[in-house]
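Asks: Would you mind keeping the following structure in view while I ask a few things?
The values are calculated or read from the model by the stated rules, or taken from the named source; none is laboratory data. Predicted model, so just to flag it, every value in this text is computed and none were measured. We place every Cβ from the backbone using ideal geometry, glycine too, and count neighbours over all the protein chains shown.
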Amino acid sequence: MAIERSAAKRPNWSSGFAFIMATLGSAVGLGNIWRFPYVMGQNGGALFLLMYILLTIFICSVPLLCELLLGKQMRRGVIRSYEKINKKFSAFGWLCFITSIFIPCFYFVVGGWTVNYIFIYLFGTIPVNEISQATFETFAAQPVAPLIMGIIFLVLCAIFPFRGVNKGIEQANNIIMPLFIIMLFFLAVTGLFLPNSIEGLKFMFAPDFSKFTFTTVLTALGQALFTLSVGMGCLVTYGSYLKKDSDIIKSSGLLIIGNTIIAVLAGIMIFPAVFSFNLEPSAGAGLVFITLPKVFAALPFGQFFGLMFFVLLFFAALTSGISLLEVSIAAILEKFKISRKLATVIMSSIILVFMFPTTWSFGFLSGYKMFNMTFFEVMDFTASNILLPLNTIILCVVVGWILKPKMELLTNNKKFYDVFNFLLKFIVPPILILLMLFGLGLV
Ligand code: PFF
């Protein structure tokens with residue numbers, strides 16, 4: 001794969017559609033399916049949605065465009081892109097690289113859980129009405145089974161970057177994302193026909209001013225950055241495969257709209273069903289792996305719906321997992337001039353090593369805590385609350401104040417460019433610093 005080492009022969013997305021599907025595939029993941037609907041319900045419903053949309057448009061779109069611009073201009077992965085601005089900025093690229101190892105270490109464990117649930121529903125290894133909280137807890141606490149599922153997930157993610165940008169990543173997203181969207185529509189519409197589904201919609205959408213605080217704003221901002229895959233060079237990497245004449249404003253607009261619609265549809269798929277069966281819309285992993293199986297147990301054709309839901313969740317996690325891996329693969333492939341295949345094997349092996357303690361955080365390592373957090377939680381907290389915002393702040397400062405990206409790569413409209421630059425230099429970094437201090441509990 002020597003070809004990928006020179007920018008002239010760098011792979012390009014074969015169409016605008018391929019680029020949109022790849023970035024959407026990266027953005028739409030576990031963050032949309034279980035986190036967004038729940039966080040929305042708990043933070044004032046429709047008000048949170050409005051806040052999320054405003055923050056995405058006026059704040060998050062700036063680093064999003066910035067990452068794409070950096071990749072498009074440098075045509076390199078995240079380490080070499082920073083080095084091309086200035087050799088001294090190498091460390092900033094490495095920080096993104098480290099983030100791209102941290103996130104998969106916990107993300108892929110959850111990916112492994114989805115694989116396990118696919119097996120359960122596909123083969124009926126546990127009767128649908130017997131899948132319970134204990135099923136999840138017993139499985140997650142085992143030393144070997146969740147590790148094997150995590151490894152299966154890791155290998156399934158790695159196959160695509162291993163095959164290359166066009167033959168692997170692009171093909172996977174071009175097929176999986178349309179399928180994912182069809183399945184999501186189907187399940188969301190089905191959910192609406194359940195009795196009492198209106199209560200679920202109320203939970204999500206009814207504006208509740210009492211739940212709306214300053215914390216809500218920051219929660220919405222953090223959610224927006226994570227779900228749009230901003231802050232670890234994923235969009236720098238995907239942007240580096242863009243042709244010079246591609247319109248990144250249009251693509252970013254489609255990405256933001258598509259990602260938000262999918263997150264809302266995920267809520268419409270989940271909450272009417274949860275309320276219809278009088279279940280508790282509880283937090284995080286529990287909602288998807290513990291509460292929803294109870295819904296499937298009560299539904300006619302529960303095994304079919306359960307299987308469909310976990311395949312959908314798996315697809316979402318898979319396309320994000322591919323993008324997470326591609327960041328580090330592209331970075332070391334260029335940096336050390338090695339083949340893509342070797343880079344994939346090296347990065348997958350490094351991530352695998354860290355997946356052992358994150359997986360066992362739910363089993364025999366659950367008692368080992370740092371700062372009162374398990375290893376899984378430490379990786380999640382460090383990545384989401386420290387590394388992602390920190391990388392985004394650095395990106396805005398370096399691109400805004402030092403690189404000063406070429407206007408023609410972004411737009412012909414001088415006014416738009418000026419507004420973008422103003423937000424990039426003066427507005428977004430201080431807001432992100434606040435987010436970070438909040439994430440660290442310092443504010
Ligand atoms: N956006 C993904 C999600 O919402 O699940 C997670 C993610 C993928 C974060 C890629 C960061 C990234 F670079």
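Asks: Given segment 16-90, what helices (runs of 4 or more DSSP H) lie entirely inside it while holding 3 or more residues that are crowded, with 24+ Cβ neighbours inside 10 Å, in contact (Cβ under 8 Å) with a residue 60 or more places away in the chain and under 15 Å from the mean Cα position of the chain (by Cα)?
Replies: Here the list reads 16-27.
Asks: Is it true that G233 is within 12 Å of the ligand (Cβ to nearest atom) and in contact (Cβ under 8 Å) with a residue 24 or more places away in the chain?
Replies: yes
Let's see how each residue does on (1) within 16 Å of the ligand (Cβ to nearest atom); (2) closer than 23 Å to P104 by Cβ; (3) at pLDDT below 95:
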{"site": "R5", "(1), (2), (3)": "no, no, yes"}
{"site": "W34", "(1), (2), (3)": "yes, yes, yes"}
{"site": "P37", "(1), (2), (3)": "yes, no, yes"}
{"site": "G44", "(1), (2), (3)": "no, no, yes"}
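Residues checked against (1) surrounded by fewer than 19 Cβ atoms within 10 Å (Cβ to Cβ); (2) closer than 17 Å to L24 by Cβ; (3) within 13 Å of the ligand (Cβ to nearest atom); (4) modelled with pLDDT under 85:
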residue: L201; (1), (2), (3), (4): yes, no, no, no
residue: K211; (1), (2), (3), (4): yes, no, no, yes
residue: G239; (1), (2), (3), (4): no, yes, yes, no
residue: I248; (1), (2), (3), (4): no, yes, no, no
residue: M269; (1), (2), (3), (4): no, no, no, no
residue: S282; (1), (2), (3), (4): yes, no, no, yes
residue: I290; (1), (2), (3), (4): no, no, no, no
residue: F301; (1), (2), (3), (4): yes, no, no, no
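Asks: Kindly evaluate S26 against the criterion of being more than 16 Å from the ligand (Cβ to nearest atom) and under 20 Å from E67 (Cα atoms).
Replies: No; evaluated as a whole, the condition is false for this residue.
Asks: Oh, and also: Checking N196 against (1) within 16 Å of the ligand (Cβ to nearest atom); (2) at positive phi; (3) surrounded by fewer than 22 Cβ atoms within 10 Å (Cβ to Cβ): exactly one of these is not met. Which one?
Replies: Tallying (1) within 16 Å of the ligand (Cβ to nearest atom); (2) at positive phi; (3) surrounded by fewer than 22 Cβ atoms within 10 Å (Cβ to Cβ), N196 fails exactly one: (1).
Asks: Tell me, yes or no, whether segment 392-411 has at least one residue that is more than 20 Å from G71 (Cα to Cα) and under 25 Å from the mean Cα position of the chain (by Cα).
Replies: no
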